[in-house]
1. Could you put B:36, A:102, B:163 in order, starting from the residue whose Cβ has the fewest other Cβ atoms within 10 Å?
2. So what is the 222 nm mean residue ellipticity for chain B from helices alone, if each DSSP H run of at least 4 adds -39500 (n - 2.57) and you divide by all residues, rounding to the nearest 500 deg cm²/dmol?
3. Placing the label point 7 Å from Cα along the Cα-to-Cβ direction, what are the distances from residue B:326 to the equivalent spots in the other copies, shortest first, in nm to one decimal?
4. Under a GNM of chain B (C-alpha, springs under 10 Å), which listed residue has the highest mean-square fluctuation: B:70, B:39, B:105?
5. Report the rotationally averaged projected area of region B:141-274 based on its alpha-carbon convex hull, in square nanometres.
6. Which distance in nm do the two modelled labels at residue A:310 and residue A:81 give, with both placed 7 Å along the Cα-to-Cβ direction?
7. Would you mind classifying region A:25-75 by shape? Square roots of the alpha carbon gyration tensor eigenvalues, ordered a ≥ b ≥ c; an a/c under 1.5 is rounded, otherwise it is prolate if a/b is larger than b/c and oblate if not.
8. On average, how many beta carbons from a partner chain sit within 10 Å of the beta carbon of a residue in A:90-97?
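Any read-out appearing in this document is the output of simple, stated calculations on the displayed coordinates, not a laboratory observation. Everything quoted here is computed from the prediction, not taken from an experiment. Every residue, glycine as well, gets a Cβ built from its backbone with ideal geometry; the counts of neighbours run over all protein chains shown.
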């Protein structure tokens, strides 16, 4: 798995925050999660196995299952159940990715062709359903109704968030509150649930459980804010998908919401033409980027993300200061300083 | 809800089998299921509520939740939990319908525009996910890990069956065994689970539970066989969807599998052109229908369906002979004698 490496020009400054300490501390557990994922994606239907292999080998940061693993251990959990539950979290995430890529007609993710681009929409939809069902089977085998409750609730909120996002697309009247409601549901709900079930496995107090929930939720919001910024500002090779996809889809992400609010009449007319009417021509993405920078919309988005990341780190205050807690706090900082 | 009415020209013969007795016996319970469905489809996201209303008001036979209700009562269950679990069964079914209609690009179901035809594929996919997640939330609230186990297993098998069906599409080498494996997974698994959870609620013996599972499974196979026959032979206004959709999609249903096996070289070349190569022109559906009739493929499909329906009715033998058992047996007979 590719890990971020501090770039040379930062070598005099403090090392850039990284996921590496979290990966290192949880690597043995994470390998077992990967083994469960491979084993439980198996199906007598060959196309499911093929598609599953494509997804698994594409990797990804495995950030959500890492949260479950690390929060369970941070809570003092010594058992084995967190392995299967972390796999459940990744299955739910992968199922939503498969459906998202169909909904957005995305062709590239994590630097590879999407499943829908390779096999078409039909298997991508149905294998998403399969993974979702399989996630619930794994939870049933674990046998905790509390875990089932938290993750089925998250799954339902994610779907609501995705539909809400559809409704705000192409609508320049979308408010910051609408945008935040969308990302809290479609992204942060699963981060929150992933962290919270770690606390449940560790049988922590309700306060500790909600602290880890808050950690995950704030981290998830920070992560999505940066995702939406990177959609405009990243280098494509690092991002692993096409820059400007959200703009082409008419998605009302925070950079756009901020730039629209701060824009003059001419800029608003540009946003209306490109996003509401979907009339985009050569050079529009570059012009959009110019406006976003001039209006400070990308910087504002990053500033918000950093505030959420700080809130995430703060939520860990009640836990003992140890390498794992520091690695989780660093993961929150990484969320806002990453280039991919 | 429209109920089948025996047609006048059958009045001298024994009355045609009907779902009416089952509906009548379970109508109070079914009304409560409908109320739970409406209440639990609610979402703060308006598009979910709109789409849900469209689906609910389209009705359908509610056959699967009826199985849960009736099997619970047949087993002597006196409680209330079967209401929510029947709603779960209908949610899972509706979620798969939403995704099926996207996968098949269907425009008409139950005589109405499909959700994907009205709102597009994106909300149809995402509301399917929402309903699926909501089904699991309802089960978690019920709190039975046995019920969760049976229905999450069914959901996973359904998705496998749908993917398997994709793989047999356009493949004239599809065998009867392939076809049966597909329909057992994509259709009969939910019928079987719906009936079985009724027995679980009633706390029947393992033998009784498996007898009701067998009832549901055989009924589901019979039901799908007839569905696949009606796709060629039904009157469109009764069917509520377009005749010949499966043929246009290149689906290898039993009528085609039988006709291909019995066909001469010219017919096989016709099937290869229309189904494998997807080259269809005006008059091909009529020609297909002519071959299916001449080769006895529709009659053969119906004969198989009747055998499965008889096996379904037989599975009820161990239960006391009462109006409810007779109504369930009649529902099995109805499955093969219906025109829609």
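1. On the way: B:36 19, A:102 23, B:163 26.
So the residues, fewest neighbours to most, are B:36, A:102, B:163.
2. Details: 17 runs with 238 residues, N = 340.
About -22500 deg cm²/dmol.
3. Listed shortest first, these distances are 7.9 nm.
4. B:39
5. Working: hull surface 39.0 nm².
About 9.8 nm², averaged over all directions.
6. For the pair residue A:310/residue A:81, the computed spacing is 3.7 nm.
7. Values: a/c = 3.17, a/b = 2.35, b/c = 1.35.
Prolate is the answer for region A:25-75, as a/c is 1.5 or above and a/b outweighs b/c.
8. Values: counts 0, 0, 1, 0, 0, 2, 2, 0.
Per residue, the average neighbour count from other chains is 1.
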